[in-house]
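Below is one structure; the comments refer to it alone.
The values are calculated or read from the model by the stated rules, or taken from the named source; none is laboratory data. Computed from a predicted model, the values in this text were never measured in an experiment. We place every Cβ from the backbone using ideal geometry, glycine too, and count neighbours over all the protein chains shown.
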Amino acid sequence: MATAQVLIELEDERERQKSTLGYDDEHDSSHSVLEWGGILALYTGRAIHEGERNKDVSLYRLRLLQVAAVAVAAVESLDRAVNAASPSDDVDSALDR
């Protein structure tokens, strides 16, 4: 499958997370960098575990798309925090938001 198609599916998954699960900008911005690390680890572990347990390539692929969509949410959240920081803030203070 071409990268462009995977990116379309990734965008669709991100939109699903927002509309179905309520993981919108406000929700996502409430997570710290440490929390995002835990969320990504949880989603990644689930993808690996379910893929191995079920031997289901379609499920494994879906879970990987979910991992990627969560990573996108983390990047979006970081970008919002950095953009909201005042010019006198350093990077660490933006990451603490």
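Looking across the range 33-50, the residues that are within 11 Å of V67 (Cα to Cα) and of a type outside the set (K, R) come down to I39, L40, A41, L42, Y43, T44, G45, A47, I48. Which of the residues belonging to the range 23-60 are hydroxyl-bearing (S, T, Y) and within 12 Å of the chain's Cα centre (by Cα)? Within the range 23-60, Y23, S29, Y43, T44 meet the criteria.
Being small (G, A, S) and either at pLDDT below 95 or touching a strand residue (DSSP E or B) at 6+ places or on another chain (Cβ under 6 Å) (or both) holds for only one residue in S58, S19, and it is S58. You will find that of L59, L34, the residue that is surrounded by 14 or more Cβ atoms within 10 Å (Cβ to Cβ) and in a helix (DSSP H, G or I) is L59 and no other. Of all the numbered requirements in (1) assigned to a helix (DSSP H, G or I); (2) touching a helix residue (DSSP H, G or I) at 6+ places or on another chain (Cβ under 7 Å); (3) modelled with pLDDT under 90, E52 misses one, and that requirement is (2).
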